[in-house]
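The values are calculated or read from the model by the stated rules, or taken from the named source; none is laboratory data. From a predicted model like this one, the values you see are computed outputs, not experimental measurements. A quick note on method: Cβ atoms are made from the backbone with ideal geometry, for glycine too, and the neighbour counts reach across all protein chains shown.
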Amino acid sequence: MFRATDRLKVLLHHLDRPPAAVTASSCTSAQAVSAHYRVPLRYTLDNDHLSPEQRHFYEENGFLLIKNLVSAEDIDRFREEFERICRREVQVPGLVVMRDVTIAKSEFVPDQRAVSKLQDFQEDPELFRYCKLPQILKYVECFTGPNIMAMHTMLINKPPDAGKKTSRHPMHQDLHYFPFRPADRIVCAWTAMENVDRNNGCLVVQPGTHKETLKEHDYPEWEGGVNKMYHGIRDYRSHHPRLHLVMEKGDTVFFHPLLIHGSGMNKTQGFRKAISCHYASADCYYIDVTGTTQENIGNEIKELALQKYDLDIKFQESWALRACLVQGERTSL
Ligand SMILES: CCCC(=O)SCCNC(=O)CCNC(=O)[C@H](O)C(C)(C)COP(=O)(O)OP(=O)(O)OC[C@H]1O[C@@H](n2cnc3c(N)ncnc32)[C@H](O)[C@@H]1OP(=O)(O)O
Ligand SMILES: Nc1ncnc2c1ncn2[C@@H]1O[C@H](COP(=O)(O)OP(=O)(O)OP(=O)(O)O)[C@@H](O)[C@H]1O
Ligand SMILES: O=C(O)CCC(=O)C(=O)O
Ligand SMILES: [Fe+2]
Ligand SMILES: [Mg+2]
């Protein structure tokens, strides 16, 4: 039987090759791609960077994997900076250093073993270089347009699972965390800093789910505990097939903020590393999440800002403070 996941693997394989039926130079306009595939284009913008096949793939699946987009030299530099931060040799304003929930209450050791994630590294020039890499922005522009804001930055150092499955990231949609719209002008770039597969907890995606609505999210009822703010889709039962994204160092996946994804347990003894940035068109606008499914995360972030920084701010303001322009003009966000 030829399963849906097999079909996707074949598609992923073909994406690495030059388009056969139509060439990028002969056919790049929205109308041409649209006519060729007989579908309206909604998730990608008219541009000459994506091949018609790549464009169609993102439209249908909500993600696009590009092999070998970030050089090994750059990744090694990000890794060195990460290690300096862990050893506390550099202090970065606004940086959130997160520990896995299983060791959250133990004494801090200045070592990568105590750090499961860095968030908000926009004030670290070396790590923030990732968000400004021209080859990444070329792709990002296909989804956001020319005015680009870096909204959210992360370096994920998924620890070996301590036996409680807390290294998992529950299935979720990133839009749950974002009080800005439209969703189609937001995209995440996620780059593997080493080879990732099911053993060390690669990304798991449900292709096509970007066409669905934003679901209700909450803490999953996991016996071993859940990390702070790791909300998952409530009553997670999905008919969509799951696809494990096996990636090599430097491979980068771009994905839509409604795409349902997560990552599995890290069954190895190594720390699985990835670096990512969520981008949005600067022309996006903030929304008030009161009375919506996002109210729970909005309140949680507001409480955290109050407790940790003594800041009484709105959910939208917490994002406006972190947002950085990386290309074009800061028009709205
Ligand atoms: C598209 C976006 C998708 C996502 O971003 S999903 C992930 C979202 N995650 C986040 O935004 C990061 C949230 N984490 C944080 O802000 C920080 O790590 C956090 C929880 C405030 C802790 O930071 P600090 O205050 O610097 O650390 P601390 O050691 O002083 O701990 C303070 C209290 O927090 C607890 N804690 C720390 N890490 C935790 C964890 N992983 N899970 C659950 N609780 C955790 C810690 O036990 C301590 O609690 P208590 O005050 O002693 O009762
Ligand atoms: N009850 C659940 N609710 C939400 N997400 C879940 C639930 N159970 C598993 N997941 C998520 O499914 C995704 C894929 O997990 P996956 O099955 O690949 O890894 P695993 O269960 O950790 O290990 P294994 O490879 O042995 O299955 C992860 O994001 C995981 O957190
Ligand atoms: O495990 C990962 O790297 C994925 C993390 C993720 O999806 C998120 O933080 O939103
Ligand atoms: Fe995510
Ligand atoms: Mg499983």
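Considering only strands (runs of 3 or more DSSP E) fully contained in the range 156-220, which possess at least 1 residues that are more than 13 Å from the chain's Cα centre (by Cα) and either among the hydrophobic types (A, V, I, L, M, F, W, C) or within 21 Å of residue 62 (Cβ to Cβ) (or both)? Strands (runs of 3 or more DSSP E) meeting the threshold: 169-172. Could you say whether any residue in the range 108-130 is of a type in the set (Val, Ile, Thr), farther than 20 Å from residue 250 by Cα and part of a helix (DSSP H, G or I)? Within the range 108-130 (the criterion being of a type in the set (Val, Ile, Thr), farther than 20 Å from residue 250 by Cα and part of a helix (DSSP H, G or I)), the answer is no, since none of the residues qualifies. For the residues 193, 229, 171, the requirement of being aliphatic (A, V, I, L, M), within 10 Å of ligand 2 (Cβ to nearest atom) and within 20 Å of residue 154 (Cα to Cα) singles out 171. Within the range 239-259, the set of residues being within 15 Å of ligand 2 (Cβ to nearest atom) and in a loop (DSSP other than H, G, I, E, B) comprises 239, 240, 241, 242, 245, 246, 259. Does residue 238 count as at pLDDT below 95, touching a Lys or Arg at 6+ places or on another chain (Cβ under 6 Å) and either hydroxyl-bearing (Ser, Thr, Tyr) or under 27 Å from residue 130 (Cβ atoms) (or both)? Here the answer is no, as residue 238 does not meet what is asked.
Please determine whether any residue of the range 288-300 is surrounded by 19 or more Cβ atoms within 10 Å (Cβ to Cβ), under 22 Å from the mean Cα position of the chain (by Cα), away from ligand 3 (no atom under 15 Å from the Cβ) and assigned to a loop (DSSP other than H, G, I, E, B). Yes, some residue in the range 288-300 is surrounded by 19 or more Cβ atoms within 10 Å (Cβ to Cβ), under 22 Å from the mean Cα position of the chain (by Cα), away from ligand 3 (no atom under 15 Å from the Cβ) and assigned to a loop (DSSP other than H, G, I, E, B).
A count restricted to the range 150-178 and to residues that are within 10 Å of ligand 4 (Cβ to nearest atom) and either charged (D, E, K, R) or free of Cβ contacts under 8 Å to residues at least 12 places away in the same chain (or both) stands at 1. The condition (being within 12 Å of ligand 2 (Cβ to nearest atom), farther than 26 Å from residue 321 by Cα and buried (at least 23 other Cβ atoms within 10 Å of the Cβ)) is satisfied by just one residue among 158, 164: 158.
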